[in-house]
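The structure appears right after this line, and notes come after that.
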Amino acid sequence: MTRPDTLDPMLSTRLEWRTEDRFEGTVGGAAVRLDGGDGEDASPMQVVAAGLAGCMAIDVRMILNRGRQPLEALTTTLEARRADEPPRRFVEFKLHFIVRGDVAAQKLERAIELSVEKYCSVWHSLDHGAELTTSYEIATD
């Protein structure tokens, strides 16, 4: 599997301070705004959590596609818990996949497993003292 973030091992980010705790910049060629204060934009930790959900969703979609599973829609929800004391790292993630289509449950389970064990670079970049649980449902409507 080749994803855009794996084509070049170097990732380039540029952030400029705008006001209070807000920064704007680019990650690769994409615009990004970060907020460490009032919550008008995503916080850095929210972006990390979204990155994990996105990374695994991309993996699962690609694996199901390669397995010729008729995926019609894919939604992920993520709940993340942080430590109470600084540095307030993530200590628990609960990631839920909702798929629509005539997807075989065992194929979906395997796709999630492969993402966790092998492909998701975000997960493998995080502190593995964190717990990750995954779940799924297949909607047939």
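The values are calculated or read from the model by the stated rules, or taken from the named source; none is laboratory data. Keep in mind that what you see is a predicted model, and the values were worked out from it rather than measured. When we count neighbours, we look across all protein chains shown, and the Cβ atoms used for this are built from the backbone with ideal geometry, even at glycine. Please note that ligands, DNA and RNA were not included when accessible areas were found on the heavy atoms of the full protein model with its side chains. Shrake-Rupley method; radii C 1.70, N 1.55, O 1.52, S 1.80 Å.
Would you be so kind as to identify which of Thr26, Ile138, Pro44 lies farthest towards the positive end of the dipole of region 15-141, taking Lys and Arg as +1 and Asp and Glu as -1 on Cβ and the Cα centre as origin? So the residue we want is Ile138. A simple spin-label model places the labels of His96 and Ser43 2.2 nm from each other, with each point 7 Å out along Cα-to-Cβ.
The longest stretch of the chain left intact once loop-based GluC sites (Glu not before Pro) with at most 13 other Cβ atoms within 10 Å are removed from consideration, loops following DSSP, is 41-141. Result for the chain in a Gaussian network model with C-alpha springs under 10 Å: among Ala104, Ala130, Ala30, the largest mean-square fluctuation is at Ala30. Measuring nothing but protein heavy atoms, the accessible surface of the chain at 1.4 Å probe radius is 50 percent carbon and sulfur. Computed over the chain with a Gaussian network model linking Cα atoms closer than 10 Å, the most mobile of Leu78, Leu11, Leu126 is Leu11.
Taking other residues whose beta carbon is less than 14 angstrom from the beta carbon of Glu117, and scoring Lys, Arg as +1 and Asp, Glu as -1, yields -1. For the chain, the Cβ-based charge dipole about the Cα centre amounts to some 560 debye (Lys, Arg positive; Asp, Glu negative; other atoms uncharged). For the chain, modelled as a GNM whose springs connect Cα atoms under 10 angstrom apart, the maximal fluctuation among Pro44, Pro70, Pro86 occurs at Pro86. Here, the chain is characterised by an Rg to Rh ratio of 1.01, where Rg is the alpha-carbon radius of gyration and Rh the Kirkwood radius. Over the chain, accessible surface divided per residue gives 65 Å², non-protein components excluded, 1.4 Å probe.
Please give the residues of region 111-141, grouped as numeric ranges, whose backbone N is less than 14 Å from a label point set 7 Å along the Cα-to-Cβ vector of Val32. Within reach of a label on Val32, which here means backbone N under 14 Å from a point 7 Å along Cα→Cβ, region 111-141 contributes 122.
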